[in-house]
1. With the requirement that a residue be free of Cβ contacts under 8 Å to residues at least 24 places away in the same chain and under 30 Å from residue 132 (Cα atoms), what does region 187-232 give you?
2. Could you grab me the full set of residues in region 1-21 that are at negative phi, touching a helix residue (DSSP H, G or I) at 6+ places or on another chain (Cβ under 6 Å) and surrounded by 20 or more Cβ atoms within 10 Å (Cβ to Cβ)?
3. Which one is farthest from residue 267 (Cα to Cα), of the residues in region 189-202 that are buried (at least 21 other Cβ atoms within 10 Å of the Cβ) and touching a helix residue (DSSP H, G or I) at 6+ places or on another chain (Cβ under 8 Å)?
4. Would you say residue 131 is surrounded by 24 or more Cβ atoms within 10 Å (Cβ to Cβ) and at pLDDT 95 or above?
5. How many residues does region 42-86 hold that are without any contact (Cβ under 8 Å) to a residue 40 or more places away in the chain and over 27 Å from residue 117 (Cα atoms)?
6. Taking interchain pairs and intrachain pairs at least six residues apart, which have beta carbon atoms under 6 angstrom, with the first residue in region 22-41 and in contact (Cβ under 8 Å) with a residue 60 or more places away in the chain and at positive phi and the second part of a helix (DSSP H, G or I) and buried (at least 16 other Cβ atoms within 10 Å of the Cβ)?
7. With region 39-86 as the region, which helices (runs of 4 or more DSSP H) entirely inside it contain at least 2 residues that are modelled with pLDDT of 95 or more and either buried (at least 24 other Cβ atoms within 10 Å of the Cβ) or touching a strand residue (DSSP E or B) at 6+ places or on another chain (Cβ under 7 Å) (or both)?
8. Name the residues in region 1-23 that are over 12 Å from residue 91 (Cβ atoms) and in a helix (DSSP H, G or I), would you?
């Protein structure tokens, strides 16, 4: 059995469909209480752990850094400690926000992180805690997660386009939208491989392709749904937020394919499925 932390998040929701998965919600193991996470792992004695839970409210994180650090850094450390004791692997989902977003080249796993906000710093500390624990691990840095569930860009665009004829959308942040179902499948595959090949321990990047701006992504959403909403591209400076956002979120995903035989996924086909399901939900509402 693989133990999953996170129950209502986008990736955790997708993980529920897999066999031999035990999903723990906040009521069973609150990440704000790291010891509870360690105790849960020791209690269930799984063959692997997937941490799909995190504090992800990037702007709100700026106002409560202590809580963010406890959830995104201390809890993964506690999980890693339990994994060392049981000699099992930990698959941990991280983020492109560990980088500062400079330049235009895809970020490599060997590039030096330089997070620019509280969320990014907490996720980087979580990575460092896992690495220093001595456990077998795969840290999976991903970006721009979308699905039918949770809060994400696709759902926001659909909701806004119902009320507005035009939308101003940031056009200078570039990255790879990544479908939660693809991340879930990848986490399970990596966890299974690590149980047999612990030498594959390391940091990996996994994002959808092709890379686009938020504005380009919005245009694709509207094209696929037949919405006539017009997008007005704007720079990030014209859309100020409490937390700084990286402009360059391109990720070099070659290592994960070379190591685990997991190619970088195309988000186009999965986006069609997500949009169809969301449209049906909205029609019924």
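The values are calculated or read from the model by the stated rules, or taken from the named source; none is laboratory data. For clarity, every value in this text was computed on a predicted model and none was experimentally measured. Don't worry about glycine lacking a Cβ; one is built from the backbone with ideal geometry, like all the others, and counts go over all protein chains shown.
1. Residues satisfying the conditions are 196, 197, 199.
2. Selection gives 2, 3, 4, 10, 11, 14, 15.
3. Ranking the candidates gives 194 first.
4. no
5. Result for region 42-86: 1.
6. Pairs found: none.
7. 75-86
8. 10, 12, 13, 14
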